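The values are calculated or read from the model by the stated rules, or taken from the named source; none is laboratory data. The model shown is predicted, which means the values in this text are computed figures rather than measured ones. Because the Cβ atoms are built from the backbone with ideal geometry, glycine has one as well, and the counts that use them run over all protein chains shown.
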Amino acid sequence: MFYLNRGGAPEGPYEEARIVQMIQSGELTQGGVCPVGQNQWWQLSQIPAFANALAQRAAAPAGYGPPQAGGYGAPPTQGGYGGPPQAGGYGAPPQAGGYGAPPQPGGYGPPPQQAGYGPPQGHGPGPTAPGYGPGPTAPGYGPGPTAPGYGPPAHAMPAGGARKTIPEQKKGSRSLLIVGLVGVLLLFLVSSAVGAYLLFFSSGGAPEMAATMPRDSEMLIQISNVPKLLVDFKDVEYLDTSLRDDKKVFDEAADSVAKAFDISLDDARAFLVASRSVGIGARKLSTRPEAAFAIGFASSAAVEALLKSPRCVASGAVGQTGKRYQLTKKTLTSSVGQDVLLKGLAEAELGSSKDVLVWFPDKKLIAFGTEAYVADLAKVIEQGAAAVDANPSFQAAAKDFDSSARLTAFLDPTVFSSIDDAKVKEIVDSYFKPAGPITGMLTVKSAGFVTSLTGRIIGSKLPKASTYEPPTKLELPSRLPNEVFAYAAFQTATKMSGADIQKLIFDQMEAADPRSKRQAEQGLAQMEQALGVSMTKLVDGLGGEAVLAMSAPADVALDASILAQGPQAAAKFNITWVQQLKDDSEYKRLAAQLKQKLIPSVREVTMTEDGPGFALTPRGAPLPVSLRVKFFDKHLFITAGGNTLCDRAEAAFSKGDRTLKDDAAHQSALAALPDKHHFRMWLDTGRIVDTLFKNPLLRATASENGMQLDKFRLSGPQRVTSALTVKSEVENEVWNYRLDALNMQALAPLGLGASALGGGRRSAFPPL
């Protein structure tokens, strides 16, 4: 539902479909709309449905206009959608129990307010005229309110009323070309179910690419077999295959290629089908980078058909057989309503810069990138010059590649040897100096897509191996309640004593700033005296692991709208910290000291003793919340939030009642990752995305950005979740590390939603 203002008195609210009809009929050509419950006016062109209707209207043939009878011409003045009825209709919203005050006549004024929404009263500058915020700079439009956290939408008008423009890329921009041609191949490959998320992961090469890129390449990313990668996608549980139509996806991708290059649909299909392997190579990364993107094909004819496009202009030769081309930009009649792939391909261009596009027909290979790099690539494939697979550093990296990996990546450690910044170099030498190549992999599991990063580091300030505990299984998270939607688990075991750790920290502080060490020592002594405990003894009492978790009932929307409920929102969330202990005596002593010294001084809460622990609840008009400190079988258990959720956390941990151990999606995520590690983070991505994007404007924003959320399972045992694990193992004072990330690309909607809520598109939610 939207309020409408055409420059006079506001109208409505109207349904979206009705406003679309007004635009299509010619009745509505300009004006502003405000979704019910929000606090800012938007141009018609800023709402996707209305923008499409405007574009269709503009592209309609001459003579197109509203039907004169039985259609959508001028709206009826009685019983229809014309001027708002004065009573019992859609005119002024009801003043109580409805939509709040309507917009003020005589301009756009403040949008209608819905109870609980809009900027807080008393924040930001006051209005400068009857209305809200600065006055308009164009008929009816001006900057929106300037209350904290409210900025112009990401793709809306900036302050001052002028539309933002994206700086034009220089002709010959390699980035546009790469983005465009990667999109040609890989938006099709990843299918509509994965969409734009996997473009990054799909920008790789194949085994033959290691024999193609020059030997001095410092980086290589490759996909060995594109068809195999595509087949693996079908095994991912959270991709809803019942909603997929691979033939339709393929046909739409081919149609975009055909339109972008003005070739036949059959030629476009042949081009997509023929792609077999892709790779990115680069060198001189720390100085003046040179790089190339290469695609290997099964058929020369398919590529040559595309190169006959009027956009591809032959411009000489490279090497013995390479044919060089320029790529011109195609101007679309209208970009509104066009798919992301088509627009990306149409905008790709390559002119007379030092970037080249070269087709090697004998090798069935396209390469585009820096001229010098592509020239050396030609020497490899035509003259037998040494390739990167002869680089000992790459050979060492290849030993770490998993056989099941569909994408592999390699980074030569010599990149770090040429760092010029003295401070950065000192940090690298102290903690992160590579002792071997850095490798990356993409593996497809039933739980989703796992990206892995491995390497070896040395450093003058890294702990000695004697202080190190090997990775272990982190069991505490599985004892948490199944309402948990996010947690971070840590290994806390160490071979160092509390005194050793304290000395190590103070020594490092003294080396950096002696004064800061003295201040820290004084602060620590004062705190220990006040609490009556020793911090070193607390450290000595730590057990093997700890976990910090957040939970909420399944019916609670995990978005910022909860903030509109004020303090009552606290009852719908819970934070729990569990620390395993090998000696709980010092911690129980600390709890006793807190009860005696700290708690009585706080007048706003009531304390209830619970054995060695205690619980705090608000006094006065209490909220149904509490803070509880308890001990369970040498585990320090701290939970805070709604009382019901606190009860659930206790029951889950102490009795095994409805835990994450029984959650199929959580267990599937764990099965996709290494069994032992030092750190693990897990997010119930499906649940969070599902509730966040129930907001229609946020869902429209997702659609604009190519996110087809309906293709993902966001609920149930096969829903998408995300996780990250980190582990390291020490051998001869060399730290071998491995980072594994599950479905990190699925977090893209969360970033988009946060942007839209916080500083971008307005919604029915307060900003994050």
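Please go through region 494-507 and pick out each residue that is surrounded by fewer than 16 Cβ atoms within 10 Å (Cβ to Cβ) and of a type in the set (S, T, Y).
The one that is surrounded by fewer than 16 Cβ atoms within 10 Å (Cβ to Cβ) and of a type in the set (S, T, Y): S497.
So, in region 469-493, of the ones that are in a loop (DSSP other than H, G, I, E, B) and touching a Leu at 6+ places or on another chain (Cβ under 8 Å), which residue ends up surrounded by the most Cβ atoms within 10 Å (Cβ to Cβ)?
Filtering first and then ranking leaves L480.
On the given criteria, is A291 under 31 Å from the mean Cα position of the chain (by Cα) and at pLDDT 90 or above?
Working: under 31 Å from the mean Cα position of the chain (by Cα): yes; at pLDDT 90 or above: yes.
When the stated conditions are applied, A291 passes them.
Could you list all residues from region 241-281 that are touching a residue at least 24 places away in the same chain (Cβ under 8 Å), of a type in the set (A, V, I, L, M) and surrounded by fewer than 15 Cβ atoms within 10 Å (Cβ to Cβ)?
L243
Can you pull out the helices (runs of 4 or more DSSP H) entirely within region 245-346 that have at least 2 residues that are over 22 Å from L230 (Cβ atoms) and in the same structural domain as P361 (by TED's automatic domain parsing)?
On the way: elements: 246-261, 265-274, 300-307.
Counting at least 2 such residues, we get 246-261, 300-307.
Given (1) of a type in the set (S, T, N, Q); (2) on the phi > 0 side of the Ramachandran plot; (3) modelled with pLDDT of 90 or more, where does S728 come up short, assuming only one miss?
Condition not satisfied by S728: (2).
Among the candidates S551, S497, single out the residue that is farther than 30 Å from I688 by Cα and modelled with pLDDT of 85 or more. Steps first, answer last, please.
Details: S551 fails: farther than 30 Å from I688 by Cα.
Testing whether each residue is farther than 30 Å from I688 by Cα and modelled with pLDDT of 85 or more leaves just S497.
Are there strands (runs of 3 or more DSSP E) fully within region 369-465 with at least 2 residues that are in the same structural domain as N732 (by TED's automatic domain parsing), modelled with pLDDT under 90 and farther than 30 Å from Y238 by Cα? List them. Break it down stepwise before answering.
Details: elements: 407-411, 438-445, 448-458.
Result: empty, no element qualifies.
Is it the case that region 658-670 has a residue that's out of contact with any Leu (no Cβ under 8 Å at 6 or more places or on another chain) and in a loop (DSSP other than H, G, I, E, B)?
Within region 658-670, one or more residues are out of contact with any Leu (no Cβ under 8 Å at 6 or more places or on another chain) and in a loop (DSSP other than H, G, I, E, B).
This table checks each residue for (1) at positive phi; (2) surrounded by fewer than 19 Cβ atoms within 10 Å (Cβ to Cβ); (3) not in a loop (DSSP other than H, G, I, E, B).
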position: Q579; (1), (2), (3): no, no, yes
position: Y587; (1), (2), (3): no, no, yes
position: Q596; (1), (2), (3): no, yes, yes
position: A621; (1), (2), (3): no, yes, no
position: R628; (1), (2), (3): no, no, yes
position: D633; (1), (2), (3): yes, yes, no
position: I638; (1), (2), (3): no, yes, yes
position: G641; (1), (2), (3): yes, no, yes
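Tell me, please, whether a residue that is surrounded by fewer than 18 Cβ atoms within 10 Å (Cβ to Cβ) and within 30 Å of H666 (Cβ to Cβ) can be found in region 444-460.
Filtering region 444-460 for residues surrounded by fewer than 18 Cβ atoms within 10 Å (Cβ to Cβ) gives 446, 453, 458-460.
Going one step further and asking which of them are within 30 Å of H666 (Cβ to Cβ), we end up with 446, 453.
Yes: region 444-460 contains one or more residues that are surrounded by fewer than 18 Cβ atoms within 10 Å (Cβ to Cβ) and within 30 Å of H666 (Cβ to Cβ).
Which one is modelled with the lowest pLDDT among residues in region 643-666 that are buried (at least 16 other Cβ atoms within 10 Å of the Cβ) and among the polar types (S, T, N, Q)?
Going through the qualifying residues, I end up with N643.
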